[in-house]
Every structure is written in structure tokens, then in C-alpha cells.
1. Scan the range B:23-41 for residues that are of a type in the set (Phe, Trp, Tyr) and either under 13 Å from A:Cys63 (Cα atoms) or more than 7 Å from chain A (Cβ to nearest Cβ) (or both) and report the count.
2. B:Val60 passes all but one of (1) assigned to a helix (DSSP H, G or I); (2) within 11 Å of chain A (Cβ to nearest Cβ); (3) of a type in the set (Val, Ile, Thr); which number fails?
3. Could you list all residues from the range A:28-80 that are within 19 Å of A:Lys4 (Cβ to Cβ), free of Cβ contacts under 8 Å to residues at least 40 places away in the same chain and acidic (Asp, Glu)?
4. Taking the range B:42-51 as the search range and keeping residues that are within 17 Å of B:Met62 (Cα to Cα) and of a type outside the set (Ser, Thr, Tyr), which one is most open to solvent (accessible area, probe 1.4 Å)?
5. Do we find a residue being within 11 Å of chain A (Cβ to nearest Cβ) and more than 12 Å from the chain's Cα centre (by Cα) anywhere in the range B:69-78?
6. Among the residues of the range B:42-56, are any assigned to a strand (DSSP E or B) and basic (Lys, Arg)?
7. Evaluate the following for A:Glu54: is it at the interface with chain B (Cβ under 7 Å from one of its Cβ atoms) and either more than 30 Å from B:Lys57 (Cα to Cα) or not hydrophobic (A, V, I, L, M, F, W, C) (or both)?
8. Just the residues that are among the hydrophobic types (A, V, I, L, M, F, W, C) and open to solvent by less than 30 Å² (accessible area, probe 1.4 Å), please, taken from the range B:2-15.
2 protein chains.
Amino acid sequence: MRVKIHVTLKEGVLDPQGKAIQKSLGALGFKSVSDVRMGKYFEVELREGLSKAEAEKELVEMCEKLFANVTIEQYSFAIE
Amino acid sequence: MRVKIHVTLKEGVLDPQGKAIQKSLGALGFKSVSDVRMGKYFEVELREGLSKAEAEKELVEMCEKLFANVTIEQYSFAIE
């Protein structure tokens, strides 16, 4: 069972990495970019045999304990 | 115009970061995880007025020049 996890900074949290990328894009001549936010992306493979409900429960725990810093980040996942 | 960009390691390229995360998940008791691959995720805001074709052309250039190291990484983007 393959899962795609996205972790992004919460709305309103400053993203200096994104700003640096935006600046670099400007310097490279890409003038149409008005904002860049950087996030993290994970592809997780879960062993077969878990039910979807069990997988969801585990994934919430994984995200809260390891993938995301829930103080400043939000997460979402999609089970394929 | 909002764009979501994913950059992932190409198939076959070792992902030590992913392996470290997998090991940490195992140590935390998540025994059902059989693989983790880590990628990058960007949300880019493009100024209105670009056509979809122009945006696509710019995005390919941005990905090849800045977002991805095309020797070892692949990229994809979705315009919303």
C-alpha cells in the first residue's frame, strides 16, 4: 500500500527557504513568480494486510510524531 | 495561478534520508513500513496573465535549472 504524504508550513508561518528560492528564480530571469512555499514530500510503502482504517490511524500517528512539527506545519496524506 | 511541483529521486538512486526515516519509524514502533522515499515539494504562485502553455514552458525551465538536479532527480508539476 503506497502513501503520499505532504508536509507544509502553516498559513502565516514565514518560509525563508521559499523566499530564497523565489529570489533565485528572479535572478535567473523568471519574473512571473510571485510566491514560493517549500514543503516536504514522502512516499511511504506500507505492508499489505493493513485495513484502510488501520493505515489511516498509523499514518496520523507517524505524521504527528515524526513527519511534521505540528506547531508550525500541517500534513496531509493520500493512500493509493 | 498556483502550481504544485514534486521533485523525487529517480528510481534506483539511493535515498539515505528515506532509509533513516524508515529506521526511526521502526524504532518508534511502526513496524508496517517497508519503504520510505523522501522528496521535495514546492507551491509556486505565478502572476495571472500567463497562458497555460507559457506557464508550462517556464515551469520546465525552472525545474531543470533550479528545482531539480536532473541527473538524479525527476520532477512533475500540476497547474491548478
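1. Initially, the range B:23-41 is screened for residues of a type in the set (Phe, Trp, Tyr), giving B:30, B:41.
Now narrow it down to the ones that are either under 13 Å from A:Cys63 (Cα atoms) or more than 7 Å from chain A (Cβ to nearest Cβ) (or both): B:30.
Within the range B:23-41, residues that are of a type in the set (Phe, Trp, Tyr) and either under 13 Å from A:Cys63 (Cα atoms) or more than 7 Å from chain A (Cβ to nearest Cβ) (or both) number 1.
2. Status for B:Val60: all satisfied but (2).
3. The answer is A:Glu54, A:Glu56, A:Glu58, A:Glu61, A:Glu64.
4. Filtering the range B:42-51 for residues within 17 Å of B:Met62 (Cα to Cα) gives B:42-47, B:50-51.
Filter again for of a type outside the set (Ser, Thr, Tyr), leaving B:42-47, B:50.
Working: B:Phe42: 7, B:Glu43: 41, B:Val44: 1, B:Glu45: 47, B:Leu46: 3, B:Arg47: 117, B:Leu50: 43 Å².
For the range B:42-51, the residue satisfying everything is B:Arg47.
5. no
6. Pass one, the range B:42-56, residues assigned to a strand (DSSP E or B): B:42-46.
Right, trim to basic (Lys, Arg) and you get none.
Taking every residue of the range B:42-56 in turn, none turns out to be assigned to a strand (DSSP E or B) and basic (Lys, Arg).
7. Working: at the interface with chain B (Cβ under 7 Å from one of its Cβ atoms): no; either more than 30 Å from B:Lys57 (Cα to Cα) or not hydrophobic (A, V, I, L, M, F, W, C) (or both): yes.
No: the conditions fail for A:Glu54.
8. B:Val3, B:Ile5, B:Val7
The values are calculated or read from the model by the stated rules, or taken from the named source; none is laboratory data. Nothing here was measured: the structure is a model prediction, and the numbers come from that model. When we count neighbours, we look across all protein chains shown, and the Cβ atoms used for this are built from the backbone with ideal geometry, even at glycine. Just so you know, the surface numbers come from the protein's heavy atoms only, side chains and all, with ligands and any DNA or RNA stripped out. Shrake-Rupley method; radii C 1.70, N 1.55, O 1.52, S 1.80 Å.
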